[in-house]
Structures are given as C-alpha cells and as structure tokens.
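K.L.:
The structure under discussion is supplied below as structure tokens; questions concerning it will follow.
The values are calculated or read from the model by the stated rules, or taken from the named source; none is laboratory data. From a predicted model like this one, the values you see are computed outputs, not experimental measurements. In this analysis, Cβ positions are derived from the backbone assuming ideal geometry, glycine residues included, and neighbour counts consider all displayed protein chains.
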Amino acid sequence: MAADQDTVETVAALAGEKYAHGFVTDIEQEFAERGLNTDVIRFISAKKDEPQWLLDWRLEAYERWLALDEPDWARVNYPKIDYQDLYYYAAPKQKDGPKSLDDVDPELLATYAKLGIPLKEQEFLAGVQGSPRYAVDAVFDSVSVVTTFKAELAKAGVIFCPLSEAVREHPELVRKYLGSVVPVSDNYFACLNSAVFSEGSFVYVPPGVRCPMELSTYFRINALNTGQFERTLIIADAGSYVSYLEGCTAPMRDENQLHAAVVELVALDDAEIKYSTVQNWYPGDAEGKGGIYNFVTKRADCRGARSKVSWTQVETGSAITWKYPSCVLRGDGSSGEFYSIAITNGRQQADTGTKMIHLGANTRSRIIAKGISAGHSSSTYRGLVSVHPKATGARNFTQCDSLLIGKTCAAHTVPYVEARNANAQLEHEATTTRLSEEQLFYVMQRGLSQEEAVQLLVNGFVREVLQELPMEFAVEAQKLVAVSLEGSVG
Amino acid sequence: MTGLRDALLARDETRLPGRRDEDWRWTDLRGTLRPLPVVSDAVQPLADRTDLDGVRTRRFAAPESAGVLALSLSVPAGETLVLLDVIEAGQGAYARDLTLHITLGEGATLHRLVLAADSADAVSVSLTHVTLAPGSTLQQTVLATGAKRQRIATTVAHPGAGAHAQLDGAYLLAGARHSDQTTILDHQGPGGTSAQLIRGVAADQSRGVFQGRITVAEGADGTDARLKHNALLLSDRAEIDAKPELEIYADDVACAHGNTVGALDADALFYAMSRGIPEAEARLMLVEAFIGEIVERIGAPALQDAARAFLADGLEALRR
C-alpha cells in the first residue's frame, strides 16, 4: 500500500527523529507486565526517564488508589473491571488484524467515509496490521501540528509538547501545577491515572500572549486489553488566551477498553482557556459488545481574577461515559461555561455533566447541556452548581434538554444546586421531549427522507452547543451527530 | 426512606441516615439524637374529626420523647375528601416518624393540606405514600416551618389513565431551622399528568432542602409532568439545596422542571420603599406575595383559610 506508506512517512517525517525511535518499538521489547503493581509503575516511570519526585508521586497515588473504592453512584451498569487484567503501558498486543483495507468491516469503512477522514488514514484508524504502529497513533495528525508550528509557537513563548517532555524540559512548571487542580486522590479513576498516566499534552501560555493558533491532540486507543491514561495540563498565565481541541477514536474491539484520563486547566488573572472535545471512542456494537469505558476527570481552576474557562464537548462515542468537566471559580469575577451534546445510541450509557463551584465574588457560570438518546441507550445529565458564602453576586444559568428518539431509550436529569449566598442568582431549567411528529412531517413533506429529517431537527436541537465549537470541529461534530443516530429511526 | 423509624425502633443510632446516603445528603440525621430517645409504649395521640364544613382534620400530637406512627387512609371511588393533616409542635427535642398510606379509588379526589409545625429542637420525619387509581385526582400542599431536622416526603404511584397529581409546597424558615421537602412521583402508565410548585424562603442560618424526582416508566406515553422550585435566600448564612430529577424511559412525553434560587427583587423592594413602606415591612410583603401563590393554587376554600393562618405565623417568625 504505497499511499499508506506515504502517509506513514509523512507523519514520521513531521514528527522528526523522535518517532523514528518511537517508544512503541522499545515497549515491544520490554513489554510491561499485565496488571498493576509498583514494579509496573517503576517501569513506566523509568521508560519515561522521570525524576524521582514524579516516581514518588506515582507510587503515593498507587498506595492511595488501593484504599479507594470504585464509585457506583453514576447511572451506568457495567461488569466489574479487573484492573489486574489490563496493560498499563501502551504496548500494543499483536494479533491477527485485518491485513488490508478490503478486510476491514465495510460498516466501519462507511463510518469513516462519513466522518470525512481520507481513505489512506483509514488503515490507521481501523487498526490494520502492517502499518507501523506509531503511525496508528493517528493522534499524530496533531503532533504534526506541534512539529510544524513549534517554532512559531516558541516565538510566541507558548510551550506545547507531550507531558513527558515537559517533565524533562520544564520540571518547575510541571511540578508546580501537576495535581494542583485534580489532587492525586480526588477520585478512584483520577487516582489510578495519577499512578499510571502515560502520555498527554502540556501547554503553557505565558502572560499576555494570545496563542497564535488552535492547539489540538487526537487521542487514540489502538492496542487490545490496554488502558489509556493520558494526562493533560494546560496553564494560561495572566492575560493569555488559548484554544485547545481534543479528538478521540478507537478501533472496534469485542473487548471493553478502559480510558481514564485526567485534564487539568489553570487560568490565572484575566486568562481564558477554551477547551473543546469531540469524543468518538468506539461505542461498542449494536448489541453492546465491546466499546470504551470512558472515565474521565476534567477540571479547570479559574485561579485568577476575571479568568474564564469554557468547556465544549460533543460526546458521541464510548460504551460508557463518566465525565464531568468542572470549573472551580476561585478568582473574583471569573466565569465558567459548559456546552455539551451527549448522544447515545445502541446500548451506550452516558452519565455526564458539570460542576460549577462558585467561590469568588461576582463569578458567573453558564451550562447548556443537550442529551439525545436513541436505541436502547441511556443518557444522564448530572450537574452541580454550588455557591459558597463568599460568592456574592454569583450568577448561574443552567439549561438541560433531553431528546428521546424511540421507545426503548432513557433520559435522566439530575441537577444539584447548593446556594449559600443571598446575593447569588441561580436558574435551572430542564425539559424532556420527543422529536415532534409535526416537525418531522413538515420537513419530510419538503422532500427529505426520514433519516435526513431527523438529522436536520437534531442539528437544530443542538445548534446552541455546536456554535461554541471551533470551525473545524463544528463540521466534524455535525457529521458525528448524523453518524451516531444512524439506524435509530423507525 | 424511613431511616429514622428503623433507628428508633431498633434503638440503634447507627441506622440514622446521613449525608453519605444519597437521599439524605442534605438532611443529615446522624448525631442529631444523642442519646437516641426511647419510643414511648403508648402510640402518640391522634385526633381525627370532620368539621361541619366537611374538612376532615387529623392532628398528630408531638411525642414526649420519641414517637412512631403508621396509618392508612383510603378515599373510595368517586368520592371527594378534604383532608387537613396538622403535624403539631411539642416540647423540646423529640423525635417523630410518621408513615402514612393513602389510597385513592377510581375517580376519587383528595384535597390535602399538611401543616408541619415542629419545635425548633425536634427531629421529625413524615413519609406519605399515595397510590392513585385511574381518573383520580390528588391535590396536596405541604407547608412547613422546619425543625432541627424536618423532612416531609411524599411518594406517588401514578397509573396515568387520566389521573392527576398536584404536589405543592412551601417552606418558611427562620433561626437555625431546617426543612426538607422531598417528592417522588412515579408515572407508571400512559396518559397521566402532574404538576408541582414548591416555593421556599430561608432566613438567618436556616437551611431549605427540596428534592423532587419524576420517573416516567417505559410505555407511560402521553405523560405531562411539570415541576418548579423557586427559593429565596434572605441571609448569607442561610442555605438552599435543591435537586429536581427527571428519569424518563418513554419518548412521547413532555416533562420539564425549573429551579431558581435568588434574593428578593431589588427593584420591587425599592418600589415598595419609595411608597413609604419601611424596608423590613416591604421585605415581608414581598415574601408573602411570593409564598401566596401556593395558597391560591389550593382548590378547597376551607383549606386555603387554614393555609393562610399558618403562613401568617410563619411570616411572623421571619420578622423576629
């Protein structure tokens, strides 16, 4: 496959030498044991050439993790995860996969075509054997951005690199901020991540700098029986601005795979971070076999006065989603936003939402969450708005709407409100409706098929959130909405 | 749901529900009863009579130390009952648990007003289970002034089929009082409606809690369920906690909930004061109007009067 080879080489070339000696090869030779123990953690740390303090940090996290219980309050059901049956260092386990594009499930090919991902990339995305494994980290679509623009970013003073590189090159920054937003033992999955996190992105934007371009990472799980534990740390120093995009996909496997990431954002005085996610992990097949368990802790600390963090997420993938991107509004006048579309189909289960913790005076937050359930899926919005006594003048607006398509799906809304300041104003509204017959009829009599009509109406339903996405993602997200709902009509 | 009852009967303090129990996260009973009071042998007295104007009144006297009572009532098919349940205040730190069952026959109507007037040091939980039949109507209003810990919970098994449930409530809290109104409304069949409006005011160091869960079962199409909770916080040391939940398993439904927490409208206050009304008075007026809507929604005129009198006392407590 010459074309593929081209792409592989291009990616490799862009990624530079580092990739020529990509860690994957190394791992192949020194495969981490299955299961989790201090040796595995030492192994991971050694592979990454980490300083002692980080190893100690990991080991402490592991100790604490052993004492924690897996949370069970979310409205999701899944068989107990055997944490000793996983690989914690991304060493792809080789098995006979499809040899060429022709062997790839046509359903999958069609999906990718719909996503608008060029065919030669499809081999990577489908996990085809034969393409070098580091390229399978199709992730590196965005590493190419790093490499290409690194000089330009550096000129602006922006640091954008893998976290492991940041540990080596900028230890003072990493040490200062790592775990300062999501403490080691914050919750079961975050704690596990702290012990075994392997890769992720690090961004630092210096004071007063407006990051000259959108930064993006494209995460991908490719290996079998491997958990992915990436860790992202973004720091926007005083008066800076950065927009960060995150995309995720995974190959189709019959086994469930674990993804337990941690994302920490720090916004100092007057800084702004815009964080957009299009999450399209493999959701499992129509019967609920396989798919990713997406247990993610994302939190932003609006540490500075008048800082701002905006989360936008389009959640269409994963068998199970457990994710609550949050904002701690510590600085006076800081603001947090959460725009979310969660689409579930088949047997997917999503329990997602946000937390807005108002600590400072005149803090503002806005939550717009749209849930769409189809097939046999279940979608839950779970959110907390908490106003502390010092948050005078705090303001929150929350809107959660659920749309049900079909008779066998479920939608839930669980908003928590805790108000402890008499000068705060909080509003929450939620609705649950079905796709209106009248609207469908109207659109169809204008000549659209039923499926197109549903897509059109659904796109209208989620418009408010899509508008918040950066351009490239908005297009992708719109298509994803169409893909996810395919086959849910009638 | 009846953790207090279990703890009292088993004389086991560890059975008291606390903030780690999801349903009790804001109504922590742990540590509130030390030592755990002994349930008196005699069932606490209950006065039950029907007035000339057709209002059946049940008075639940407070126990001396601890009291547990379970009671059933049914409204026969096609009949209408106007029921006033008064949960009376007692002396000091008593503990009380009421478990009430109410069954409505086909086409029956129940107007129920609950006046919960516990003492400031009491721990008081009441749980009413209502079972509706097709075509029946429940119109309930709960008015509460709180206690050390107070919960008034209502669960409704709603068959759909033209039945309607209205679950309204209001709380007026001063001092260090706590009050929790919890509703669980289970729409089990198609064609049912429900409406809930809860208004609350928390002053001083008080704490108001509202939890409302609406479940629409698979197949309960055509359900129309609405829920609204509005609260006013009058002090920075007061707290309002709310959790309105929707749990929907049917697609042809219209369900909505709204929840607001805020301060008194500054413009309205300014207007009233500009007309020469002192600030304290103006505040009370606005609170009265805010809560008044709950009274206006009460269908039975005789109950409206009782509700007004109760709220007047509650407002008086806010003035102090």
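K.L.:
All but one of (1) crowded, with 24+ Cβ neighbours inside 10 Å; (2) of a type in the set (A, V, I, L, M); (3) farther than 20 Å from A:Y188 by Cβ hold for A:I320; which doesn't?
P.N.:
(3)
K.L.:
Same structure, new question: Return yes when B:I240 is in a helix (DSSP H, G or I), modelled with pLDDT of 95 or more, surrounded by 16 or more Cβ atoms within 10 Å (Cβ to Cβ) and of a type outside the set (F, W, Y) and no when it is not.
P.N.:
Judged against the criteria, B:I240 is not a match.
K.L.:
Starting from segment B:246-262, keep only residues that are outside any strand (DSSP E or B), then list their pairs with residues that are small (G, A, S) whose Cβ atoms are within a distance under 7 Å, requiring at least 6 positions of separation or different chains.
P.N.:
B:Y249/A:A410; B:Y249/B:A217; B:A250/B:A217; B:A250/B:G219; B:A250/B:A220; B:D251/A:G406; B:D252/B:G222
K.L.:
Let me ask something additional. Scan segment B:263-279 and tell me whether some residue there is without any contact (Cβ under 8 Å) to a residue 60 or more places away in the chain, outside any loop (DSSP other than H, G, I, E, B), under 16 Å from A:L426 (Cβ atoms) and within 9 Å of chain A (Cβ to nearest Cβ).
P.N.:
no
K.L.:
Is it fair to say B:R151 is surrounded by 24 or more Cβ atoms within 10 Å (Cβ to Cβ), of a type in the set (K, R) and in contact (Cβ under 8 Å) with a residue 12 or more places away in the chain?
P.N.:
yes
K.L.:
So which strands (runs of 3 or more DSSP E) are wholly in segment A:288-337 and hold at least 1 residues that are closer than 17 Å to A:E230 by Cβ?
P.N.:
Where strands (runs of 3 or more DSSP E) fall fully within segment A:288-337 and carry at least 1 residues being closer than 17 Å to A:E230 by Cβ, they are A:291-302, A:308-315, A:320-323.
K.L.:
Let me ask something else about it. Quick one: which residue in A:T433, A:T413, A:T363, A:T408 is crowded, with 21+ Cβ neighbours inside 10 Å and more than 24 Å from the chain's Cα centre (by Cα)?
P.N.:
A:T363
K.L.:
When you scan segment A:133-174 for helices (runs of 4 or more DSSP H) that lie fully inside it, which ones turn up with 2 or more residues that are modelled with pLDDT of 50 or more?
P.N.:
The helices (runs of 4 or more DSSP H) meeting that bar are A:140-156, A:163-169.
K.L.:
When you scan segment B:168-202, how many residues do you find that are over 19 Å from B:T155 (Cα atoms), of a type in the set (A, V, I, L, M, F, W, C) and buried (at least 24 other Cβ atoms within 10 Å of the Cβ)?
P.N.:
Final tally of qualifying residues: 5.
K.L.:
Go through segment B:11-37 residue by residue and tally those that are within 15 Å of B:Q211 (Cα to Cα) and among the β-branched types (V, I, T).
P.N.:
Result for segment B:11-37: 1.
K.L.:
Turning to a different aspect of this structure: What number of residues within segment B:212-248 satisfy the criterion of being more than 20 Å from the chain's Cα centre (by Cα) and more than 9 Å from every other protein chain (Cβ to nearest Cβ)?
P.N.:
Result for segment B:212-248: 5.
K.L.:
Also, quick follow-up: Out of all the residues in segment A:180-210, which are at pLDDT 90 or above, part of a loop (DSSP other than H, G, I, E, B) and of a type in the set (A, V, I, L, M)?
P.N.:
Within segment A:180-210, A:V181, A:V182, A:V209 meet the criteria.
K.L.:
Do any helices (runs of 4 or more DSSP H) lying entirely in segment A:5-78 carry at least 2 residues that are modelled with pLDDT of 70 or more and either away from chain B (no Cβ under 14 Å) or loosely packed, with under 12 Cβ neighbours inside 10 Å (or both), and which ones are they?
P.N.:
A:38-47, A:52-67
K.L.:
Here's something else I'd like to know. Please tell me if A:E287 is without any contact (Cβ under 8 Å) to a residue 60 or more places away in the chain, farther than 14 Å from A:V266 by Cβ and not polar (S, T, N, Q).
P.N.:
Spelling it out, it is not the case that A:E287 is without any contact (Cβ under 8 Å) to a residue 60 or more places away in the chain, farther than 14 Å from A:V266 by Cβ and not polar (S, T, N, Q).
K.L.:
Another question, if that's okay. Could you pull out the residue among A:I368, A:I341 that is at pLDDT 90 or above, more than 14 Å from chain B (Cβ to nearest Cβ) and either in contact with a Phe, Trp or Tyr (Cβ under 6 Å, 6 or more places away or on another chain) or buried (at least 24 other Cβ atoms within 10 Å of the Cβ) (or both)?
P.N.:
Going through A:I368, A:I341 in turn, the sole match is A:I368.
K.L.:
Criterion first (at pLDDT below 95 and either over 21 Å from A:I367 (Cβ atoms) or outside any strand (DSSP E or B) (or both)) does A:L258 satisfy it?
P.N.:
When the stated conditions are applied, A:L258 passes them.
K.L.:
B:D121: within 19 Å of B:I87 (Cβ to Cβ) and acidic (D, E), yes or no?
P.N.:
Yes: the conditions hold for B:D121.
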